[in-house]
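Beneath this line is the structure, given in structure tokens, with notes to follow.
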Amino acid sequence: MIKAELIRQIYLNSINSILSIMVNRLSKEQIQEVVEKYQNGKSSPQLAKEYEITASSICGLLKRRNVKIREQTYNKRKYEIDENFFEKIDTEEKGYWLGFLWADGYLNKVSLNLTLSIKDKEHLKKFLISLKTNRPLQEYNYSYADIVRLYVPIKKIIEDLRFLDFLNSKGFPKISSGHSPVDSGSTKNKPG
């Protein structure tokens, strides 16, 4: 039992030494760049490739600087997106798109979905611009209709929409009070 623990400790120390050597190859400026780029959305594998060190070294560097490490699914993303778009509804643009989704969008367990007539494709492209995403729209031609669909499998967006009492399927939203992140500082469009 003692030998197994000793071997484990030696292994962990050697891994930490290797990671430390890799990170020590970076200057203070480069380390700060890594932190900033990670906080601005670059993944640890992307940064590892850019700085020619391992992704685990990047994560270790970030952890030692108290930077919260994102979930693995974030690192595997194929498309960029502003996952914080619905975190706080503090602009007319966000309010508009939230209302638009309440009318035509729906959530399931893993994604936000919006399916419209192909005639509305250009309008849906405006939503893509607002979300700062390069995710493509999906087009389908059925015998009864030509449609365009946006599929967004981003956990943070789903959680934020659920926090806003967004329903799981098309329908009327359930409005509640007390925990909405809608900015209440504006008096514009308020009754009274």
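Computed from the coordinates by the stated procedures, all read-outs in this text should not be read as laboratory data. These numbers come from a predicted model, not from an experiment. Neighbour counts are summed over all protein chains in view; Cβ atoms, including those assigned to glycine, are modelled from backbone coordinates with ideal geometry.
What the table shows:
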read-out	value
Segment 121-144 - residue that is assigned to a loop (DSSP other than H, G, I, E, B) and surrounded by 12 or more Cβ atoms within 10 Å (Cβ to Cβ) and, of those, farthest from the chain's Cα centre (by Cα)	L137
Segment 145-168, residues that are part of a helix (DSSP H, G or I) and surrounded by fewer than 17 Cβ atoms within 10 Å (Cβ to Cβ)	K155, E159, R162, F163
